[in-house]
Amino acid sequence: MAVTVGLAGTGRAATEGYAPALACCPKAGFAGVWGRSPDAAGDLAVRFSVPAFGTFDELLDHCDAVAFAVPPAAQPPLAALAAGRRKAVLLTRPIAGDLAGAEELAAVVAEADVVTQVALTWRYADPVRAFLSTGVKRTDPRGGTGRLISGAFAAGALVRPWRVEGGILLDLGVDVLDLLDAVLGRTELIRAHGDPCGWVGLMLEHEGGRYSEASLYATASPDEPARAEVEIFGPGGSAVVDGTFASGKETYATMIGEFADAVEYRMPHELDVRRGLHLQRLLDAAETDLLF
């Protein structure tokens, strides 16, 4: 029997990413939708011919696992409730609104011993996985750079207020930070400067004496082409991966399929809550630099 997965959230990621992937996944049964807006949940449920639940507890009554498409700050209490009911959790990134929330959530799911996975969408994309398996091996990287230029937060852009409040680092920047960390080794020190709501620069020191830098900017003109890339350099040359289109339908399908497998066979996933907590600690250190 397919693993049943409920969806918490009704925003753009839920409607364009999670819901279509759940509806089409042969390994998962789409159990239904819950959201803070009953009307939005009802519309999404009708679109995919699944139930809309009036409360989060009702959703938990009808599924084996929950995929979260909610603001990071709202996720820890909901995911803790799910873990307490022995439900596996697919967490949005970052996994919480702050480090305290992330640490509390990680402790709760560890105590409950449930399967966890984090929706670091770039890492489920075929081009990124090819970059990690072949580009890294060929170049033997000693350093790297990350660039993210976007008009996502430009004046007039349709974006949720919580995303703007968190700034580019806590939103789009998480994927760049995660990939640099994955390619060059665990980040031991991070420094940041700039404006959380404008341009942010990062400098990272990785284990083994490797280094990287990243530039993040989300208020570019909508007329400018978006850029999202990571490039690495080493004795074997250089390699670059474009993350601009790394969050498409195929990416969500891969992520949901792997989550269903992890739940069914209770297999730990590389991108679990511990990975999410590591990234949250880096984000917290960078935020401290930016704010103080």
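Values quoted throughout were computed directly from the atomic coordinates according to the rules given, and no laboratory measurement underlies them. Bear in mind that the values here come from a model prediction, so they are computed numbers and not experimental data. Every residue, glycine as well, gets a Cβ built from its backbone with ideal geometry; the counts of neighbours run over all protein chains shown.
Hey, could you get me the Stokes-Einstein D for segment 126-244, Kirkwood radius over alpha-carbon pairs, 4 °C and 1.567 mPa s, rounded to whole µm² s⁻¹?
88 µm²/s
Restricting attention to the chain, close to 55% of DSSP beta bridges with both partner residues there are antiparallel. Beta bridges per DSSP, both residues in segment 126-244: antiparallel share near 80 percent.
List the residues of segment 170-186 whose backbone N lies under 19 Å from a point placed 7 Å from the Cα of TYR211 along the Cα-to-Cβ direction. In segment 170-186, the label zone of TYR211 (backbone N under 19 Å from the point 7 Å along Cα→Cβ) covers 177, 180-186.
The amide H of ARG142, built 1.01 Å from its N in the peptide plane, has PHE233, GLY234 as neighbours under 5 Å, considering only residues 5 or more places off or on other chains.
What longest range of the chain stays clear of loop-exposed GluC sites (Glu not before Pro) (DSSP non-H/G/I/E/B, at most 16 other C-beta within 10 angstrom)? Answer from the scan: 1-206.
Considering all C-alpha pairs of segment 105-151, those separated by over 18 Å amount to 57%. Full extension of the chain segment joining ARG12 with THR288 gains 96.4 nm, where the gain is 0.36 nm per residue of separation less the Cα-Cα distance. A Gaussian network model of the chain, with springs between Cα atoms under 10 Å, assigns the largest mean-square fluctuation among VAL136, VAL115, VAL230 to VAL136. Placing +1 on the Cβ of every Lys and Arg and -1 on the Cβ of every Asp and Glu, with nothing else charged, gives segment 126-244 a dipole about its Cα centre of roughly 200 debye. Charging the Cβ of each Asp and Glu at -1 and of each Lys and Arg at +1, and nothing else, the dipole of segment 45-174 about its Cα centre rounds to 720 debye. The calculated FRET efficiency for the pair GLU224 and GLU104, based on their C-beta separation and a Förster distance of 30 Å, comes to about 0.15. Note on ARG160 and ARG138: with the Förster distance fixed at 30 Å, the Cβ-Cβ geometry gives a FRET efficiency of about 0.15. Rounded to the nearest 20 debye, the dipole size of the chain about its Cα centre is 440 debye, using +1 on the Cβ of Lys and Arg and -1 on the Cβ of Asp and Glu. What is the calculated FRET efficiency for ASP242 to GLU58, with r their C-beta to C-beta distance and R₀ = 30 Å, to the nearest 0.05? The calculated FRET efficiency here is 0.10.
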